[in-house]
Amino acid sequence: MPLPSASSHTTLRVPAILVAAPASGQGKTTITAGLARLHSRQGRKVRVFKTGPDFLDPTILTVASGAPVHTLDLWMTGADDACARLASAARDADLVLVEGVMGLHDGTPSSADVARRFGLPVLSVIQASAMAQTFGALAYGLAGYGEGLRRMDVLANGVGSERHAEMLRASLPSHIRWAGALARDPMASLPERHLGLVGADELPDLPARLDRLADMLAGLPVAELPEPVGFRDAAVADPVVPLLAGKTIAVARDAAFCFIYPANLETLRELGAQLAFFSPLADTQIPASDAVWLPGGYPELHAGRLSSNHAMLGALRNAHRAGLPILAECGGMMALFDALVDKEGITHSMAGLLPGTVHMQRRLAAIGHQAVSLPEGELRGHTFHYSKTESRLAPLSYARSPHEAASTSARGEAVYRKGTLTASYVHFYFPSNPLAIAALLGSARRHDQSDPHDTRDRQGV
């Protein structure tokens, strides 16, 4: 999306609210999805945003709202990008919902910072199953910490009875609005795994769960439209130069490679590229293309199937040998090492474009914002993974955290380059530097990257 210029002439007003919580696991996504479903069923056009880097929650919210879910992050996407996307939504939406990340005040920048930056009222979802009057103290602290918020509403989640709900409601100070109470209902819950919620594609009963949530929220104060918020309708700057015009980018997209920001696809199209999607799990060839993008996902959950697709692994090696630019992020990079060892200790052969082994582990290995300086330019993104790599390949560079002082010795993720292949654990946000993405994916160089000791392709392995 082209960024706005400094001039602004109109304020667009639309009901909007940011859904937050004191911590992860309180029910933010559940409530946001339920509200989106409820208002969509009532004929309203709902646009939902997710604060902070996330791929999984947006899949649920997309189904609930019927529209793509974009990311708002004052560092990774930038305030101008966030402003432009909110204004675009406000032009035709009847309701804008923004789901926060972690706790309301967690992170730099935090969900509270987003609420303050755009004047959003806040709905705090508090898991209240094991508390009484402390509910009011917690709500008071959330509302009063740091610089002031526009308004705070509070919804009690996991309430045991009407009497319990009344105790919670009575504990609130007068300046915090009661938004209702929701009982725990396993039929309306959203299952999780190690990287977060299970994606929408893996929940065939998701529409029924969303309808149940919407029914539970109907009639509660939270179901009322929030107050209108004004968003700056900024003039649009010059469009992105179509530096990838006439080029086709092959994009891996299936159950193993599904961590894709809608804004990244939008950026590639604005650059002029045609997109050809393929499945490394099911297909045997990469579509005819000028470059390949392997996004993140869950290769570890499908390692056996991926390893047995010899034709696709060979196609990836052939694409690299032919000089096609390849960008591999996190799970996409994992699939290009020699081997992947899953949590059960089973070793699976991968494409072998990067020397070394990926080991899955039960502890989180890395999380947070990352900036990567490449010869093509700087890109912003984030990292979140449970695996570690062992490789003899020297990194091209290391990412850095914007929250680490320049004087510290802490290093971010390794960035590998082998010929036209660029690989890292970092998930890039393409609009942070479209020119760098165009340079990464737009300049093919023919070369022979084959290993004289690698006879897998010639032997049909």
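The values are calculated or read from the model by the stated rules, or taken from the named source; none is laboratory data. Here the structure is a predicted model, which is why all the values come from computation and not from measurement. In this analysis, Cβ positions are derived from the backbone assuming ideal geometry, glycine residues included, and neighbour counts consider all displayed protein chains.
Quick notes
- Cβ-Cβ under 8 Å pairs, at least 6 apart or on other chains, region 303-315 side in contact (Cβ under 8 Å) with a residue 24 or more places away in the chain and in the same structural domain as D283 (by TED's automatic domain parsing), far side assigned to a helix (DSSP H, G or I) and among the polar types (S, T, N, Q): L313/S307
- Residue within region 3-12 that is on the phi < 0 side of the Ramachandran plot and buried (at least 24 other Cβ atoms within 10 Å of the Cβ) present: no
- The set of residues in region 375-387 that are more than 14 Å from the chain's Cα centre (by Cα), assigned to a strand (DSSP E or B) and over 11 Å from N433 (Cα atoms) contains only S387.
- Strands (runs of 3 or more DSSP E) fully within region 266-361 that include at least 1 residues being surrounded by 22 or more Cβ atoms within 10 Å (Cβ to Cβ) and of a type in the set (V, I, T): 291-294, 326-329, 354-360.
- Residues that are touching a helix residue (DSSP H, G or I) at 6+ places or on another chain (Cβ under 6 Å) and in contact (Cβ under 8 Å) with a residue 60 or more places away in the chain were ranked within region 339-367; the one that is nearest to N309 (Cα to Cα) is L353.
- Condition check for A319: at pLDDT 95 or above and either assigned by TED's automatic domain parsing to the domain that holds Y429 or closer than 20 Å to L441 by Cβ (or both): yes
- Residue match in region 422-443 (condition: at pLDDT below 90 and small (G, A, S)): yes
- Among the conditions (1) closer than 26 Å to M167 by Cβ; (2) free of Cβ contacts under 8 Å to residues at least 60 places away in the same chain; (3) among the hydrophobic types (A, V, I, L, M, F, W, C), A82 misses just one, which is (1).
- Checked against (1) modelled with pLDDT of 90 or more; (2) over 23 Å from S289 (Cα atoms); (3) outside any loop (DSSP other than H, G, I, E, B); (4) of a type in the set (A, V, I, L, M, F, W, C), I367 passes all but condition (1).
- In this entry, S349 is excluded by the filter for residues that are polar (S, T, N, Q), farther than 24 Å from G419 by Cβ and out of contact with any Phe, Trp or Tyr (no Cβ under 6 Å at 6 or more places or on another chain).
- Members of region 28-43 found to be buried (at least 24 other Cβ atoms within 10 Å of the Cβ) and among the small types (G, A, S), listed by number: A33, G34, A36
- Near pairs, Cβ below 7 angstrom, 6+ apart or cross-chain, from region 137-148 (modelled with pLDDT under 95) to any residue that is assigned to a helix (DSSP H, G or I): G146/A112; E147/R116
- Figure legend. Inter-residue proximity from region 247-267: first residues in the same structural domain as L306 (by TED's automatic domain parsing) and under 26 Å from G304 (Cα atoms), second residues outside any loop (DSSP other than H, G, I, E, B) and among the hydroxyl-bearing types (S, T, Y), beta-carbon distance below 9 Å, spacing 6+ or different chains. Indicated pairs: C258/T59.
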